[in-house]
Every structure is written in structure tokens, then in C-alpha cells.
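Just so it is clear, none of the values below were taken in a lab; they were calculated from the coordinates. The structure presented is a predicted model; accordingly, all values stated were derived computationally and were not measured. Reconstructed Cβ throughout: ideal geometry from the backbone, glycine too, with neighbour counts over all protein chains shown.
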Amino acid sequence: MAVSTIKLTDTQQKCVTFQPKGDLLIQGIPGSGKSSILLARAKFLKEKNSKDTVTVLTYSNALTNYVRQLSLKMHSTPLTAKTFHQWGQEMLRYTDYPHTRLIVGDLRKDTIKYAKNIVNKYSSNVNFPQMKESKRQDIALLTFLCDEIEWIKGSGIATREEYLSIKRSGRGTDIRVLKEHRNTIYDVLEKYNELLNRDRRRQGIDGDDLARILIEKSHQIPENIKPDHILVDEAQDLNTMQIKAISKMAKKSLTIGADKGQQIYRRTFSWKQAGVDIKGSRNIFLKQTFRSTKQIIRLANHFQEQDKLYIKDEDYQKAQEPEINGKVPELKKCENREAERAHILNQVRRLRASFPNDTIGIIGFSHDNLDEIKKVLDDKGIPVYRVKDNEVDIISPGVKLITFQSSKGLEFDHVIVTDLQKGKMPYKAPSPGEDENEFLSRERKKFYVAMTRAKKTLTIVSIKEYSSFINELNSGYFHLID
Ligand SMILES: Nc1ncnc2c1ncn2[C@@H]1O[C@H](COP(=O)(O)OP(=O)(O)O)[C@@H](O)[C@H]1O
Ligand SMILES: [Mg+2]
């Protein structure tokens with residue numbers, strides 16, 4: 001339903017027209033209208049003062065595209081929407097910071113490995129923590145270092161002393177990290193930073209340094225370049241430093257939409273640490289969902305409640321069951337991949353026949369599997385689109401294939417969640433040094449996110465060996481299909 005044709009509730013409307021000064025945090029369950037509010041507020045801010053600049057920021061490319069497409073469709077207004085990294089890089093061009101290349105992914109891993117090897121070779125007191133797995137020690141250690149460096153940078157830790165003394169939450173018990181280990185980890189971090197600054201082949205900005213550099217250099221960015229108003233969608237995907245940087249850069253107002261129940265990346269973070277003012281009426285919580293049917297939310301809610309870690313979080317709120325009734329979600333258990341593909345094909349055919357103008361989202365674990373499913377549907381002449389990082393039309397009717405991660409923030413009339421298989425969902429093991437419960441909590445949230453993308457019908461496809469999450473679903477809330 002288009003926002004222009006829906007009637008926002010009083011609470012939603014209040015968020016839209018909230019005074020355009022300072023911070024506003026809108027938290028809410030999936031489908032409670034956070035994105036709709038942000039788009040309507042962006043329009044409101046622009047209309048209130050046409051000279052003001054308004055920028056919407058998100059974490060993922062898929063969501064950025066979606067938000068842009070939605071704004072055009074619903075408000076007929078083009079919107080400046082960017083990912084945090086895209087936007088941050090653009091801002092840095094106005095400063096004297098010498099590099100612009102972002103170092104992320106494999107490039108980052110490779111540079112950290114190089115730094116680790118240098119420390120190993122030349123430092124006098126090298127003490128790396130012992131990895132649990134005996135076979136692939138090196139790989140496990142590198143993964144651990146990459147995660148730890150991301151955490152240090154994302155938390156804004158700026159000195160060795162701070163790192164040595166800080167309590168590190170979210171760490172598992174499989175790796176004991178003592179003070180001497182921390183010293184060596186910090187040596188690697190310093191060497192890595194040096195490479196980013198000085199080594200001609202490796203120069204650049206670590207993705208997680210971008211926020212800190214923006215904060216340090218913000219005084220060099222011309223005032224007319226900084227947005228008057230910034231709106232952030234799915235802010236729980238960003239880390240403390242990124243929110244801080246955004247907050248510093250917004251000249252007049254900052255509006256944040258977030259749902260910690262959908263926090264699927266490793267983040268330790270609180271609004272206070274991020275410097276967001278959420279006193280009194282600046283903190284709104286929306287508990288009513290408009291996207292899904294009662295039957296879908298019931299199943300998703302019950303599943304979410306199995307996450308003992310999350311329901312203890314101060315930001316946890318249980319979703320109200322919506323009024324609107326629909327079909328009970330379906331679960332299909334498949335013996336193998338062939339059976340899974342056959343069921344998906346069947347289901348897509350049925351849905352297309354009954355609802356030719358609807359969107360169908362197929363959500364899966366890996367790009368490879370989604371490509372395979374695409375082939376099966378292509379062969380039968382069914383048009384399907386892969387929502388990767390490009391400009392695929394997400395809103396128009398049709399079949400869209402997307403990963404669990406990228407599905408966040410999006411919605412489809414019909415959702416088929418696949419890959420509910422042991423080793424895939426939940427993933428086979430936590431990263432080295434990661435807390436097992438936190439890991440499971442995040443994996444659960446991924447499945448929860450996927451389920452709550454559905455507006456009208458939800459189909460879950462499990463493949464042998466079945467995912468442990470299947471046993472956690474309340475059997476009174478779904479139909480098992482033969
Ligand atoms: N007050 C409302 N009345 C009817 N539908 C609404 C209302 N608010 C939001 N919606 C619809 O509910 C769905 C979910 O809204 P969205 O803004 O995507 O939620 P969120 O971002 O919180 O997940 C969208 O299809 C939207 O058009
Ligand atoms: Mg949203």
C-alpha cells in the first residue's frame with residue numbers, strides 16, 4: 001500500500017511532524033511504519049523549508065535502493081539516499097585526508113594478515129591467543145584479529161591503555177584473551193594502521209575508520225555540504241562511531257529508525273554511547289504492525305521469544321498481534337535440494353496464478369543457492385530478479401531472490417524462506433572468540449527478519465538435515481505440508 005493512500009496513526013504522524021530540531025529516535029517492531037515515517041518526514045522537512053537539505057542514510061545498498069524507489073512511488077519525490085560508507089567517502093573529499101580508497105572485505109583481511117606477519121617476525125614480545133581449533137589455527141587467528149580490530153575501531157577505542165583496560169563483552173569462552181595477548185593484538189592494529197597510512201600499495205581507509213576520520217575532520221567540511229537533516233533507516237546495523245559521526249554532521253535534526261530485534265551484525269552499542277539524545281518525547285516506540293497478518297506475526301513472535309538473550313535487552317518489546325487475518329504459514333520439509341527446488345517452483349506457480357500483481361520474495365542463505373533457484377525458474381520461463389547490490393526494481397510485481405541479510409527493511413506480499421538447513425541457518429559455528437549465545441541470537445534474528453518480510457503469506461522450506469530452528473517454531477502456528 002502506498003503511503004500516500006494510507007492513513008498514518010496519530011503516533012506515526014507525530015513522528016513525521018516532530019520539531020525539526022535535535023534528535024528523534026523511532027524504534028519499532030517490523031512493519032510498524034518506521035520507513036514510512038522516515039520518508040514522510042523527509043518530505044515534511046523539505047516542504048517546511050525548501051532550502052534545507054535532507055539526506056537518508058542506511059547500511060546496505062539493497063535498502064538504499066528500496067528507499068529511493070519507495071519515495072518516488074509514494075511521494076513522487078526523488079530522495080537523496082546513500083549508504084553510510086558512500087556518503088562518508090563523499091564527505092571526506094572535502095577534507096585534507098589524503099586517501100579515499102575504502103579498505104574492506106578481502107583487501108582488508110589481506111592487509112591485516114600482512115600486519116600480523118610483520119608483528120610476528122619483528123616484535124620482541126609476541127603473544128597471540130591460542131585458538132581452539134587445532135587444525136586451522138592460522139585462519140582462525142586471522143578471523144579473530146579482523147573481528148577484534150573491527151570491534152576496537154567501531155567502539156571508538158583510541159589508545160592502547162583504553163584497550164588494555166576495557167571490559168570486552170560478547171566474547172566467547174573458547175579463546176582466553178589475556179593482557180599480554182591484548183598487547184600483541186594492539187601491535188597488529190598499530191602496524192595495520194601504519195600500512196593504511198604509509199604503504200603505497202596498501203594505502204586507504206579501513207571501513208571502520210571512516211566514522212572516526214569524519215568526526216576528526218568534520219570542521220574542514222564546508223557547512224553548505226553538511227546536510228541540514230539526516231534520517232537513518234535500520235540504524236541498529238551501524239555501530240557507535242558511525243551514529244556519532246552522523247550526529248555530528250547533521251546541522252539541524254537527526255531522525256533515527258531502528259529495531260534491535262533485527263540486529264543481525266555483531267554490534268555492541270547503546271544510544272547513549274552513540275550520543276543520541278533520547279530523552280522524553282524524543283524516544284518513540286511503535287508496537288503495532290501494519291505489514292503482516294496475525295498468523296505470520298504470531299509465529300514470528302513466538303520464535304523471537306525463544307531468544308532468551310534478546311528478550312532481556314532493555315529495548316525489547318513484544319509486537320502486538322495485528323487485526324488482519326490471513327493464511328496460516330506453511331512449513332515444507334524436503335529430503336534434498338531437488339525436492340526443495342520442486343516445492344519452490346510449485347509454490348511460485350501457484351502464487352503467480354492467484355496473485356499476478358503481487359511481489360514474491362524468495363529469501364535464502366547464499367548467492368550460489370539463489371542463483372540455482374533462479375536457473376530452475378528461468379528454465380520454466382518465470383521471470384525472476386536477483387536483488388544484489390544493483391538497481392533491481394524491488395517494488396514492482398514479480399519474483400525477487402534475496403539473501404537473509406539484504407532482505408532487511410524490504411517487504412513482499414508473499415515470502416518463501418529457504419535454506420532452513422543445519423549448518424546454514426543457524427550457520428555452522430560462531431566466529432573464533434565469539435560468544436555462542438550471542439551468535440545464536442543473531443542467527444535467530446536473521447530468520448525472524450526473513451519471516452517478517454511477508455505481508456500476506458509465508459512459506460518456510462527446510463532441507464535435511466533440518467535446521468534446529470524448525471523445532472523452535474510453535475507447531476500450533478503453522479501447517480506442515482506433505
Ligand atoms: N498507519 C498505517 N496504516 C496502514 N498501513 C501502514 C501504516 N503504516 C505503515 N503501513 C504499511 O505497513 C507496511 C510496513 O511499513 P514500513 O514503514 O515498511 O515498516 P517498518 O519500516 O517499521 O518495518 C508498509 O506496507 C506500509 O505501507
Ligand atoms: Mg523499514
Exercise for the section: Two decimals is fine: what is log10 I(q)/I(0) at q = 0.31, 0.32 Å⁻¹ for segment 410-460, from a Debye sum with one equal scatterer on every Cα and no solvent? Expected result: -1.13, -1.17
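What fraction, in whole percent, of alpha-carbon pairs in segment 377-482 exceed 17 Å separation?
60 percent
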Problem - Peptide ranges 119-132, 76-89 listed from the most packed, as the mean C-beta count within 10 angstrom indicates - result: 76-89, 119-132
Practice task
Could you work out the relative contact order of segment 246-381, using alpha carbon pairs under 8 angstrom and six or more residues apart, expressed as a whole percent?
Solution key: 20 percent
Exercise for the section: With a ≥ b ≥ c taken as the square roots of the eigenvalues of the C-alpha gyration tensor of segment 221-354, please select rounded if a/c is under 1.5 and otherwise prolate if a/b is larger than b/c or oblate if it is not? Expected result: prolate
Problem - Inter-centroid distance (Cα atoms) of segment 303-330 relative to segment 250-283, Å - result: 21 Å
Handout entry: Pairwise centroid distance, computed over Cα atoms, of segment 448-482 with segment 419-444, Å
Key = 17 Å
Handout entry: Equivalent ellipsoid dimensions for the chain as semi-axes, Å, which come from the Cα gyration tensor, largest first
Key = 36, 30, 21
Handout entry: Note, ³J(HN,Hα) from phi for segment 350-362, Karplus 6.51, -1.76, 1.60, rounded to Hz, x at Gly and Pro
Key = 4, 5, 5, 5, 7, 10, x, 9, 9, 9, 10, x, 9
Exercise for the section: May I ask for log10 I(q)/I(0) of segment 81-138 at q = 0.26, 0.27 Å⁻¹, from a Debye sum over the Cα atoms as equal point scatterers with solvent left out? Expected result: -1.11, -1.15
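Under the classification rounded if a/c is under 1.5, otherwise prolate if a/b is larger than b/c and oblate if not, where does segment 1-77 fall, given a ≥ b ≥ c as square roots of the Cα gyration tensor eigenvalues?
rounded
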Exercise for the section: Using Cα centres only, tell me the gap between segment 63-78 and segment 115-153 in whole Å. Expected result: 44 Å
Problem - the chain, relative contact order in percent, only Cα pairs under 8 angstrom and at least six apart counted - result: 21 percent
Fill in the blank from the handout: Under 5 Å from the placed amide H of CYS334, counting only residues 5+ away or on other chains, we find SER462, ILE463, LYS464
Exercise for the section: Identify, among HIS219, ILE112, TYR163, the residue whose Cα sits farthest towards the positive end of the charge dipole of the chain, taking +1 on the Cβ of Lys and Arg and -1 on the Cβ of Asp and Glu, with the dipole about the Cα centre. Expected result: HIS219
Practice task
Could you pull out every one of the lysines with an alpha carbon less than 16 Å from that of LYS455, ignoring same-chain neighbours closer than 8 positions?
Solution key: LYS34, LYS294, LYS327, LYS400, LYS408
Handout entry: Spatially proximal lysines relative to LYS113 (Cα-Cα < 23 Å; intrachain offsets below 8 disregarded)
Key = LYS121, LYS132, LYS135, LYS153, LYS179, LYS191
Exercise for the section: Would you work out if segment 140-206 is rounded, prolate or oblate? Take a ≥ b ≥ c from the square roots of the eigenvalues of the alpha-carbon gyration tensor; rounded if a/c is under 1.5, else prolate when a/b is larger than b/c, oblate otherwise. Expected result: prolate
Problem - Measure of compaction for segment 182-254 (Cα Rg per 2.2 N^0.38 Å) - result: 1.35
Handout entry: Fraction of alpha-carbon pairs over 17 Å apart in segment 256-303 - percent
Key = 52 percent
Exercise for the section: Sum up the charges of everything whose Cβ sits under 9 Å from the Cβ of PRO322, counting Lys and Arg as +1 and Asp and Glu as -1, but leave PRO322 out. Expected result: 0
Practice task
May I ask you to give the average projected area over all directions of the convex hull of the Cα atoms of segment 323-436, in nm² rounded to one decimal?
Solution key: 9.2 nm²
